[in-house]
Structure formats: C-alpha cells, structure tokens
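The values are calculated or read from the model by the stated rules, or taken from the named source; none is laboratory data. What you are looking at is a predicted structure, and each value in this text was computed from that prediction instead of being measured. A quick note on method: Cβ atoms are made from the backbone with ideal geometry, for glycine too, and the neighbour counts reach across all protein chains shown. Please note that ligands, DNA and RNA were not included when accessible areas were found on the heavy atoms of the full protein model with its side chains. Shrake-Rupley method; radii C 1.70, N 1.55, O 1.52, S 1.80 Å.
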Amino acid sequence: MRKGLFLSAIMAVAMTGASFAGAPGDEVPFREGEPMPPAPTGMSWCLIQKPAVYETVTETVTVRSAATFQVPVPGEYSTKTETLPAVPAHRVGRVVPAQLQPRQVSYTCQEEYTVLEIVPPQFNDVPMEVEICPAYDQITIIPAQFRDVPKRVVVEPARKAFQRVACDDGNNNLCWTVCETPAKYRDVITKELVSDAQERRTPVPARKQSVMVRKVVRPAQVREVKVPAKQATYTAQTVVSPARVDWQTVPATTQQIPVLVETKAPSYTSQAIPEKQDTITRRVLKQPATMVWRLQSNAYTQQYRPIN
C-alpha cells in the first residue's frame, strides 16, 4: 500500500491544452532527461514500473568431465634366505697342568764328628728346613665373556599400493588412493664377544719340610774318634714340563632368516572414464524491468494523493 502511494506521489499528472491521440492504457517508453508526452483532455500520464519477465529453459550440462586414471599394477615379491651370524668366532683356552716327576735327593743329616772313648760327646737335635717341592706358577683360565645383543632384521619391506575407495563427489563413484603398508621386522638374539678368555698365573711357593739334625754340642775329650757323617734322602718333585694353555679357535655359528625381496616393482596403467552429462531446468531473465508512461483518465489518477 505504501509503495503504491509512493509511486503515485512521484507520478506526473499533466493537463495540457495540446491534444494527443490515444486511449487509456496506451504506453510510451520512459527516457531519462526527456519530458513526458502531451496528454489528451481529461487524461494524464502515469509513470509505471513494469516488472521483469522470466522464462523457464531446459539445458544440458556436464556434471563430470572425461578423465584418465592411473590403475596400479601390484609388484611381485619372493622369499629368500639370508645367513646371519649367531655367535662370532672366538678362542677357548684349555689348561694343561704341569708335569712333575719325583726324585730322591740326598742330604747330610748328621755331619762328621769326632768322639772320645772316655768322655762321650754330647749331642743336640735341632730342626732344619729342606725343600721338597720347588716353587711354580699355577695357571687358572678365565673363560670368554659374551652378551646377548638383540637385532632387528627386515622380514618384509615397506610398500605402497593403490586401494579402491568411495569418492567424495556424492555420486557413489569409486576412486583409487595410495595406501602404505609398513615394513615387517623380526627380532633375533645374537652373541657378541665382550672379552676373550684370559689366563691367570698364581705363584705357588716351594714346599719345605722340617727335619731334625743332630749336632755335636761337646766332643769327647779323651780320645778322638771320628764318626762319619750320616746321609739321608727325601723325595722332591721336579718339573718335567711347565703348565701351559692350549688355545682352540671356535668357528662362528650362523642362522638362516627368511627375507622378502622385491622381484618386480609396482607399476601403473591408464584407464579412461567418459564424460557424463545431465539435463537441468532453470529460470532465465527474458525481459528486464522497465519504466513506461501509461495514459490514464483523470478519474483514475485522482484515487492517489501524494504523501505529506
């Protein structure tokens, strides 16, 4: 209602003495800057805005362009066996003990002395240390030290492959995406040499034995009689061959591990997808809105008054 009153407020109503041949409802195009045409007696021109005119059209549009996709061709793999060291080569020592041989050793247990027939001599027994086994080195073997070392080996390498998934275009199409398969590993335990076998020599002192020796405290004083010396024997150990260490080399040991290797690399092949079209319906502007002068009777124009 207010819009109609506003249009009637800006509507130009002209009453001129010049005659214009026309009937109510006739229209003349409105041009900016030009005066309105003269109106017949009892009529006037109204500035009218004619609405835009639309029409519905049907068009064929492309909803999916033609394209070419790369289709993956998976690679080929085979399994081979690799030899890995389990225990490294090392040396092992074996102690060969010393060879001893007993022998008889003579010693003087009583020296020669002189006695008297009238006054017998006086004797005293005193202790005396004699060596029955010489000193030697005792060898002790300290075995080699090892430790377990964990080691990770590749059983199956990492690879990439294409996988079919649903597209995000809303048409339930299938697309391809690259999926990465991680590598597979296997943990094994190997032996690592920490220290070689060593030998430790411990000196063994000589063994001695205490024997009693009779010595003359006071000889005879009347007649001297020579008493020959007395000899005694004891068993002593003689080293024929010293102790030694025989070293033997123990070869390294290995273990067989299956490993997956690639014999043919993955590749791609091209696949074409045709273009897809669809028919749609939409409204298009056929004639824009225009301003025209429309001829009306004065009785019609008097129904509208400007707004104060």
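Scan region 132-148 and tell me whether some residue there is open to solvent by 80 Å² or more (accessible area, probe 1.4 Å), part of a strand (DSSP E or B) and within 30 Å of T235 (Cβ to Cβ). Yes, region 132-148 contains a residue that is open to solvent by 80 Å² or more (accessible area, probe 1.4 Å), part of a strand (DSSP E or B) and within 30 Å of T235 (Cβ to Cβ). Per this entry, V92 is counted among residues that are at negative phi, surrounded by 14 or more Cβ atoms within 10 Å (Cβ to Cβ) and part of a strand (DSSP E or B). Scanning region 248-274 for residues that are more than 30 Å from T181 (Cα to Cα), of a type in the set (A, V, I, L, M) and outside any strand (DSSP E or B) yields a single hit, A252. When each of V105, V119 is tested for being in a loop (DSSP other than H, G, I, E, B) and either aliphatic (A, V, I, L, M) or in contact (Cβ under 8 Å) with a residue 24 or more places away in the chain (or both), the lone residue that passes is V119. Just to be sure before I move on: is E129 outside any strand (DSSP E or B) and open to solvent by 60 Å² or more (accessible area, probe 1.4 Å) in the structure I sent? Criteria not met by E129. Which residues, counting only those in region 59-77, are surrounded by 10 or more Cβ atoms within 10 Å (Cβ to Cβ) and part of a strand (DSSP E or B)? Listed by number, the residues that qualify are E59, T62, V63, R64, A67, F69, Q70, V71, P72, V73, E76, Y77.
Set side by side, the residues R186, R223 differ, and just one is closer than 30 Å to P266 by Cα and touching a residue at least 40 places away in the same chain (Cβ under 8 Å), which is R186. Take T202 and tell me if it is hydroxyl-bearing (S, T, Y) and surrounded by 12 or more Cβ atoms within 10 Å (Cβ to Cβ). In short, no. For region 241-291, a residue qualifies if it is out of contact with any Asp or Glu (no Cβ under 8 Å at 6 or more places or on another chain) and within 30 Å of A144 (Cβ to Cβ), and the qualifying residues are S241, R244, D246, W247, Q248, T249, V250, P251, A252, T253, T254, Q255.
Please state which one of T190, T177 is of a type in the set (S, T, N, Q), within 28 Å of the chain's Cα centre (by Cα), at pLDDT below 80 and part of a strand (DSSP E or B).
T177
For region 299-307, the count of residues that are in contact with a strand residue (DSSP E or B) (Cβ under 6 Å, 6 or more places away or on another chain) and farther than 30 Å from Q101 by Cα is nonzero. Of the listed requirements (1) modelled with pLDDT of 85 or more; (2) within 30 Å of V222 (Cβ to Cβ), F123 misses just one: (1).
Pairs linking a residue in region 142-159 that is under 11 Å from R186 (Cβ atoms) to a residue that is among the polar types (S, T, N, Q), with Cβ atoms under 6 Å and 6 or more positions apart or on different chains, are K151/T190. For region 219-263, a residue qualifies if it is among the basic types (K, R), more than 30 Å from D196 (Cβ to Cβ) and surrounded by 12 or more Cβ atoms within 10 Å (Cβ to Cβ), and exactly one does: K230.
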